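Student: Pasting in a structure now, in structure tokens, and then I'll have a few things to ask.
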Amino acid sequence: MSASTPEVRRRFREQYAAHRASEGRGSSAVDAQTLPYVTDGALARQWAVRARSFEVFQRRVLRPAQRRADVDASGTLRVLDLGAGNGWLAHRATLAGAEALALDVRDDGVDGLGAAPRDSSIARVVGSFEAIPLRNASFDVVVFNASLHYAEDLGRALGEARRVLRSRGRIVVLDSPFYGSTEHGEAMLRAKRQDAERRFGARAEALMALAVVEYLTQERLADASRGLGLAPWRRHRVLYPLWYELRAVRAALRGERPPSRFDVWEAIAA
């Protein structure tokens, strides 16, 4: 995988925002204060899946961390939302009583940081999660919000997350595609490349040019975080809507590769 240039990254951000707008992102139905609970429109089924992931994150990570913060000297849980988009997850964290910061490379008004809720108390920083412009050991929970598969260097992204994490803090991977094997992930990637022109139209070249990770496996995650002082990764399995869970059954019956899963993965810092 070759490194992407600044111009490739700029074009990707620009075309990605345009693609997201064409999907209906940024509408009143999917604004930062509504997400992840979207009840109608073309994106409702997609957000029904993401809402389940968020609920597991909230129940298994955020609320327990909040209880721990209540007995700590500071009393305030600090959450860093990486690849935050419009900051909806950071906004939800503040509603739970945390102090949250949303970081993203995009600041457009579609679903970048420019679309964050104006009345929210979240802080916003434009930057890359591979070079986080924040001080060491300053957050209790660092969450890659549907974003880690966009990393160009997985080890660097996880290393930066660990750097800004406090002792006994949590790194969480939310809504990134995981496969049971590299073979299945690579098969997905080949299919995506073959289908890029139909899916993205004239934007295909710019959207496929960025040299990113694209997918994760448990082994890939463990290898990239080795030596960072993290406990073994723990998976919190998400029970998705039945129609979504049946994808694996249909794939097996048709002799196709297994689909990805989007469970919540958590690692604790030493």
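Student: Every residue in the range 117-148 that is within 26 Å of GLY24 (Cα to Cα), of a type in the set (A, V, I, L, M) and surrounded by fewer than 21 Cβ atoms within 10 Å (Cβ to Cβ), please.
Tutor: Answer for the range 117-148, where residues must be within 26 Å of GLY24 (Cα to Cα), of a type in the set (A, V, I, L, M) and surrounded by fewer than 21 Cβ atoms within 10 Å (Cβ to Cβ): ALA123, VAL125, VAL126, ALA146.
Student: I've got another one for you. With the requirement that a residue be of a type in the set (D, E, K, R), surrounded by 15 or more Cβ atoms within 10 Å (Cβ to Cβ), under 18 Å from the mean Cα position of the chain (by Cα) and outside any loop (DSSP other than H, G, I, E, B), what does the range 234-270 give you?
Tutor: ARG261, GLU266
Student: Then there is this: For the range 163-194, which residues satisfy the criterion of being closer than 27 Å to THR5 by Cβ and either free of Cβ contacts under 8 Å to residues at least 24 places away in the same chain or in a helix (DSSP H, G or I) (or both)?
Tutor: ARG163, THR182, GLY185, GLU186, MET188, LEU189, ARG190, ALA191, LYS192, ARG193, GLN194
Student: Considering only the range 31-116, give the helices (runs of 4 or more DSSP H) lying wholly within it that have at least 3 residues that are crowded, with 19+ Cβ neighbours inside 10 Å, touching a residue at least 60 places away in the same chain (Cβ under 8 Å) and not charged (D, E, K, R).
Tutor: Because the criterion is at least 3 residues that are crowded, with 19+ Cβ neighbours inside 10 Å, touching a residue at least 60 places away in the same chain (Cβ under 8 Å) and not charged (D, E, K, R), the helices (runs of 4 or more DSSP H) in the range 31-116 that meet it are 44-57.
Student: Within the range 1-18, restricting attention to residues that are surrounded by fewer than 18 Cβ atoms within 10 Å (Cβ to Cβ) and not charged (D, E, K, R), which residue is nearest to ARG52 (Cα to Cα)?
Tutor: ALA18
Student: Return the residues of the range 125-155 that are charged (D, E, K, R) and within 16 Å of the chain's Cα centre (by Cα); say none if nothing qualifies.
Tutor: GLU130, GLU152, ASP153
Student: Right, something else. Output the residues belonging to the range 15-38 that are modelled with pLDDT of 90 or more and over 23 Å from PRO177 (Cα atoms).
Tutor: GLN33, THR34
Student: How many residues are among the aliphatic types (A, V, I, L, M) and surrounded by fewer than 16 Cβ atoms within 10 Å (Cβ to Cβ) when one looks only at the range 219-233?
Tutor: Matching residues across the range 219-233 total 2.
Student: Regarding ALA206, is this residue out of contact with any Leu (no Cβ under 8 Å at 6 or more places or on another chain), buried (at least 18 other Cβ atoms within 10 Å of the Cβ), in contact (Cβ under 8 Å) with a residue 60 or more places away in the chain and over 30 Å from LEU62 (Cβ atoms)?
Tutor: Details: out of contact with any Leu (no Cβ under 8 Å at 6 or more places or on another chain): yes; buried (at least 18 other Cβ atoms within 10 Å of the Cβ): yes; in contact (Cβ under 8 Å) with a residue 60 or more places away in the chain: yes; over 30 Å from LEU62 (Cβ atoms): yes.
Judged against the criteria, ALA206 is a match.
The values are calculated or read from the model by the stated rules, or taken from the named source; none is laboratory data. These numbers come from a predicted model, not from an experiment. When we count neighbours, we look across all protein chains shown, and the Cβ atoms used for this are built from the backbone with ideal geometry, even at glycine.
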